[in-house]
Structure formats: C-alpha cells, structure tokens
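Accompanying notes for the structure given below.
Nothing in this text is a laboratory measurement; each read-out follows from the coordinates by a stated rule. Remember, it's a predicted structure, so these values are computed and weren't measured experimentally. With ideal geometry, Cβ positions are generated from the backbone for all residues, glycine too; neighbour counts draw on all protein chains shown.
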Amino acid sequence: MGSQHKILILDDDSSFLELCRELLSTLPVQPEIRTASSGAHAIALLEAEPYSLLLTDLRMPNMDGFQVLAIVRRRFPSLRTVVMTGVAEDAYRTRAYALGIDLFLEKPKTTQEIKMFVDCVESLVVREDQGGFRGVQNKTITDIVQMESLSQSSVTLKFTNGPFVGKIWLLNGDLIDAEMGDLQGDDAFKKVISWKSGTFESLPAEPGRERRIMNSVQGLLLDSAQMLDEMAAGEVPGSGGAKAQSVSPLAALARNPGVEFLLTVPLGKAKEFEHYGCENPDKTALWAASTVERFNQLGDKLKAGTFQQIVASGSQRGVGLSAKGEKVLCVGFQRGRTTAQILETLKAITAQWVS
C-alpha cells in the first residue's frame, strides 16, 4: 500500500472547513486532511509537501479560487483539483474547467448532495491511487456514469464482468456510444448498466467516435432503471411466461435532450397524475395544476385566452409547462439548459405528447 493520501481544503469559511474535514475523514483510504483559509496559505502548504487532491472555494478575499487554480496548474500540473462553491453560474463552471479542474461541485446541503460530494472525492483519490482503475463493488455503474457526466468528462469507461466486457463513451459529459459483445448503442448501455459487480477502467476519450446514442444521460438511466425494476419483478418478456408491464408512455418523451422528469396531471385533479422519473411527484403535480389554473384565471381577466406554455430556468434545474385541453404537461430539465433550449425541447415534447 502506498503512502497516506493528503487532501488540502481551501475555504475562508471555518465552519465549512470543519464540515469537510469530518466528512472526508470517514473515507476508507483514511486520508490526512489539511485546511487553509487563504490562497497564500494553501500555496505554501502545497509547496511544502505533495498532496493527492485540492478542494477549493472560488469566492475568497485577496487571492480567489481562480487565482489559486491558475498557480496550481503551472506549479503542480499533476495535482487533482475540485471546485466546491455556492456559485452555480455557468460562467464560473466554464472558467473553472478551462483551468483544468477535475470536478465542479456546489457546496452540499442535503443528505443526497453530501453523499455525492463524498463519493466524488473518494473516486478521484482512488483513481489517483490505482492509476486509472477502481472497483465498483461500493458503487453501481449508474453512480459512475452520473459522476462522469456531472464532471462533463470526455472518457471511455470500460467495465468487465467475468468473461464479458462493455464500454461506454462520453464526450463533454454526454453519452455517445456503448458496446457489449454484438450489442451497440442503447441496447449495449442497458445491458452493461444491469451488471452488479466487476471491475472498472477509465480509458482515454475518443472524440472521433461515431454517435449511436441520441438519448440524454438522465433519460437513458431512467429507461434502464425501469427495465431493471421490471426484471427484478419478473415482468420481462421471455422470463418464463411472466407478463411484462407496459412501458410508461412518458418514457419515450424522456429521451429528448436534457430531460430529467415528466409529469402529466388533469386540471383540478392534482392527485390523478402520471409521472416518469420525478422525485416529488405529489408536490410537483399540485404545483403544475395550480400554476396553470392561476394563469388561466389571469388570462380570463385580461381576455388573453387560455394558458399555452411557460418555461423557466433556475440554478438547480429548468422547468416547462404546457397545456392541452384539460391536461397539463410538466417537464423538468437538467441544470445548464438555456431558456431557448428548454422552450425548443418543450415544443417538441408537447407535439409528441398530443399526437
């Protein structure tokens, strides 16, 4: 076993530094955690001894995170770097990746975000330790694909499960292709994603790879999750005569680029909704139905007619609402999609929905 890993955390918020120290000290590799509250102190620590990973905030007085990253890129080109910030603006993300960081994360607030934060840091440390290899016994393939997509990676993921080998290609975080035996594209991806154990290798990207997967990462993972649920319930065609469940009609709509979830609900009947991939469908259905009703009431007062479509883009995700007759369609979009992109995709989804 090699020397103990050292992780340096840079932030001017002492309470956040202590939180990170507590979270990362629980990692199986038991890293040595050092902290710095200023950029100058962080650079001094990096010059004094080697580190495996630097985690830095961006907005700090005197020397900010961008200045630190620029110095690190010149002086310590092999050091892995992670940005953790409360600023979710795309301009910050783009500028940070241009400086060669490995991962851009928002400061965790929820239990799920904390788990993702710890998993991402662990995976970077283990990858550095194993020269590009790490086991998947503590993570599912879904976790790995989501992490690489989140970090906007261009990479070839190779998974080995006994005698079987599968590959998944990503370019700037987007799924491009997959292969497993004679299977290609979506079919190969769904086969590989069903594996429960094996080994994992990160290989160089192939920018010239022909694109066979047109679905979004989230859409394909949703399809795969539903397929695995049906397999676990014994409801797959050819499984000894078991009756297969009908696939949600919303599943096909989820294949549109950037879609995270879909939900349909009748006006005035928020409890009679259908959804695909929505984490909080009850609250979302109530919000979607009530929002459209309020817009219709406003339209009556202004004599502007009934509600048609509305889109919005926030720091966490985008959302679009569309109405047809007495039914409302609500679509959630991945963070980073522009209002114009959301509107264009919403129009395409609505056309498919009503056809």
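Between ALA270, GLN218, ALA205, the Cα set farthest toward the positive side of the dipole of the chain (charges on each charged residue's Cβ, about the Cα centre) is that of ALA270.
What is region 1-56 by shape, rounded, prolate or oblate, if you read a ≥ b ≥ c off the alpha carbon gyration tensor as root eigenvalues and call it rounded for a/c under 1.5, prolate for a/b larger than b/c, and oblate otherwise? Verdict is oblate for region 1-56. With viscosity 0.890 mPa s and temperature 25 °C, the Kirkwood radius over alpha carbon pairs of region 249-354 converts through Stokes-Einstein to a diffusion coefficient of 179 µm²/s. When the alpha carbon coordinates of the chain are projected onto the principal axes, the ranges are 68, 57, 37 Å, largest first. Only Lys, Arg, Asp and Glu count, each charged at its Cβ (+1, +1, -1, -1), so figure out the dipole size of the chain about its Cα centre, rounded to 20 debye. So the magnitude is around 640 debye. Using the rule -39500 (n - 2.57) for each DSSP H run of four or more residues, divided by the residues of the chain, the 222 nm mean residue ellipticity is -12500 deg cm²/dmol. Could you tell me which of rounded, prolate or oblate describes region 1-131, using a ≥ b ≥ c as the square roots of the eigenvalues of the alpha-carbon gyration tensor, with rounded for a/c under 1.5 and, failing that, prolate when a/b is larger than b/c and oblate otherwise? Here region 1-131 falls in the rounded category. When the chain is treated as a GNM with alpha-carbon contacts under 10 Å, the residue of ASP13, ASP64, ASP300 showing the greatest mean-square fluctuation is ASP300.
Of the beta bridges in the chain, as assigned by DSSP with both residues counted there, near 75 percent are antiparallel. Considering only LEU170, GLY314, TRP353, whose Cα is most displaced toward the positive end of the charge dipole of the chain, charges sitting on Cβ of Lys, Arg (+1) and Asp, Glu (-1)? The residue sitting farthest along the positive end of the dipole is TRP353. Dipole of the chain computed with +1 at Lys/Arg Cβ and -1 at Asp/Glu Cβ about the Cα centre; of VAL118, CYS330, GLN297, farthest Cα towards the positive end is GLN297. The stretch between LYS271 and GLU206, if pulled fully straight at 0.36 nm per residue, gains 18.7 nm over its current Cα-Cα span.
Of all stretches in the chain that contain no GluC sites (Glu not before Pro) in a DSSP loop with at most 11 other Cβ atoms within 10 Å, the longest one is 90-209.
Please say if region 132-213 is rounded, prolate or oblate, where rounded means a/c under 1.5 for a ≥ b ≥ c the square roots of the C-alpha gyration tensor eigenvalues, and otherwise the choice is prolate for a/b larger than b/c and oblate otherwise? Because a/c hits 1.5 or more and a/b fails to exceed b/c, region 132-213 counts as oblate. Springs join every pair of Cα atoms under 10 Å in this Gaussian network model of the chain, and among LEU321, LEU157, LEU302 the largest mean-square fluctuation is at LEU302.
Taking Cβ atoms as reference points and 11 Å as the exclusive limit, the residues near SER25 contribute a net charge of -2, counting Lys and Arg as +1 and Asp and Glu as -1. Of all lysines in the structure, the ones whose alpha carbon falls short of 27 Å from that of LYS196, not counting any fewer than 8 places away in one chain, are LYS115, LYS139, LYS158, LYS167, LYS243.
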